[in-house]
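Report on the following structure.
Any read-out appearing in this document is the output of simple, stated calculations on the displayed coordinates, not a laboratory observation. The shown structure was predicted, so the numbers you read here are calculated from the model rather than taken from an experiment. Cβ: placed from backbone, ideal geometry, glycine included. Neighbour counts: every protein chain shown.
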Amino acid sequence: MDLSERITLLTQQATTRDEGAASALQAILEATNTVSGTVHLLEPGGVVMQLLAATDIPPVVLDKIRQIPVGKGMGGVAVEKKQPVTTCNLQTDDAGGIIRQGARATGAQGAVAVPMMVGDQAVGALGVATKEPRDFSRAEIDHILALASALGRGLRSRSQ
C-alpha cells in the first residue's frame, strides 16, 4: 500500500473525521520531513474552511485559524487559486501579502499550503512547515499535492 492509499484509509477508518484528519496529518508530516501542519476542510458550497487537525501550532494561533475564509492566508489562497502557495521563510517573507501576521507566531519558516483537490474541486487545504528555512522542490510540492488529494478524498467520502 502506498502512502496516498494509507492516507485515505486513515481518514476513513478513524472514529471521527477530525481524528482521521489528525492521523493523516501525522503520517504526512513524517513523510515530508516537516514538523507542523494543519488540515482545513471546506464544506460543499462554503466559503469558510474549518480547522480539522493541527500539529505543533501555538494556542494563540489556533484561535485565529479555526476558520479560514477562502482567499485569505496561504491556505485560503491555495484553495481559491487551486494551486500551492510556498515560502522559504515564513518569518521574513510575506509572499506578496498572502502571509498573515499571525502565521509568524507559529515559529515556522519553510512552509507550503496546498489545496486538497478532489477531481477539479478544492475541498480544503493542507499546510505543512519546518522550523528552518526551506525551499520545497517541485517534486516535493507534487508529492504533497498528491497526499493532500488523498486526504481530501478520504475526508469527503465519510460523514462527520
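Here residue 53 passes the criteria (1) touching a residue at least 60 places away in the same chain (Cβ under 8 Å); (2) crowded, with 22+ Cβ neighbours inside 10 Å; (3) in contact with a Leu (Cβ under 7 Å, 6 or more places away or on another chain) except the one numbered (1). Scanning region 33-44 for residues that are surrounded by fewer than 18 Cβ atoms within 10 Å (Cβ to Cβ) and under 16 Å from residue 140 (Cα atoms) gives 33, 35. Considered as a group, the residues in region 25-64 that are closer than 22 Å to residue 77 by Cα and among the small types (Gly, Ala, Ser) include one that is farthest from the chain's Cα centre (by Cα), and that residue is 45. Within region 58-83, being in contact with a strand residue (DSSP E or B) (Cβ under 6 Å, 6 or more places away or on another chain) and buried (at least 22 other Cβ atoms within 10 Å of the Cβ) holds for 68, 74, 75, 76, 77, 78, 79. If you go through region 127-140 and keep only what is over 12 Å from the mean Cα position of the chain (by Cα) and surrounded by 13 or more Cβ atoms within 10 Å (Cβ to Cβ), you end up with 130, 131, 133, 134, 136, 140.
Could you go through region 147-154 and let me know if any residue there is part of a loop (DSSP other than H, G, I, E, B), farther than 18 Å from residue 74 by Cβ and out of contact with any Phe, Trp or Tyr (no Cβ under 8 Å at 6 or more places or on another chain). Talk me through it step by step, then tell me what you get.
Of all residues in region 147-154, those part of a loop (DSSP other than H, G, I, E, B) come to none.
No, region 147-154 contains no residue that is part of a loop (DSSP other than H, G, I, E, B), farther than 18 Å from residue 74 by Cβ and out of contact with any Phe, Trp or Tyr (no Cβ under 8 Å at 6 or more places or on another chain).
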